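Student: After the structure tokens below, expect a handful of questions from me.
Nothing in this text is a laboratory measurement; each read-out follows from the coordinates by a stated rule. Owing to the predicted nature of the structure, the values given are computational and were not obtained by experimental measurement. Glycine also receives a Cβ, built like all others from the backbone with ideal geometry; neighbour counts cover every protein chain displayed.
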Amino acid sequence: PIEHGHATSYTTFTQHHEQQQKHIQTLVKATLPVAVHTQLGGYHSLPVVHAAPVVLKSAPHVEEHYAYPKYQFKYGVEDHHTGDIKQQQEVRDGDVVKGEYSLHEPDGTILTVKYVADKHSGFNAVVHRQGHASHPQHVAKAVVAVPLHHR
């Protein structure tokens, strides 16, 4: 004989859209008809279970908003106590980024880097060093080791 029953299946789909900060979650519940075959006779075996295929409902399609990338910034640090003197500025318009930064090196020179980056040429930078490096002269005192005599 064939006995008929029902089985319940749950499936969860999660889709993240980071740019819009939305979280979409769909819970699908499918009730499946199940046919169980049992065997008549002298010995008993485990029943054979056949389940109908699960039909899934997908999450609704959400269009992601594409914001045109455009920004500019500029900042600088001038700390004469620590000697930390630097600045940077950058402008982006679409796929093109242009900028420059400079910093005062410990040897007294100023290092300036001007750069351009785009999807055709990649990242290109021109480095320029201004000023003359000065290295302070440290005079080392000679230390003479003299053995101690036992008294």
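Student: Consider region 97-118. How many of its residues are closer than 21 Å to F73 by Cβ and charged (D, E, K, R)?
Tutor: Of the residues in region 97-118, 4 are closer than 21 Å to F73 by Cβ and charged (D, E, K, R).
Student: What number of residues within region 59-94 are in contact with an Asp or Glu (Cβ under 8 Å, 6 or more places away or on another chain) and in a loop (DSSP other than H, G, I, E, B)?
Tutor: Number of matching residues: 1.
Student: Anything in region 59-108 that is of a type in the set (V, I, T) and loosely packed, with under 10 Cβ neighbours inside 10 Å? List them, or say none.
Tutor: T82
Student: Sticking with this one: Which residues, counting only those in region 95-151, are under 17 Å from I85 (Cβ atoms), polar (S, T, N, Q) and in a strand (DSSP E or B)?
Tutor: Of everything in region 95-151, those that are under 17 Å from I85 (Cβ atoms), polar (S, T, N, Q) and in a strand (DSSP E or B) turn out to be S102, T112, Q130.
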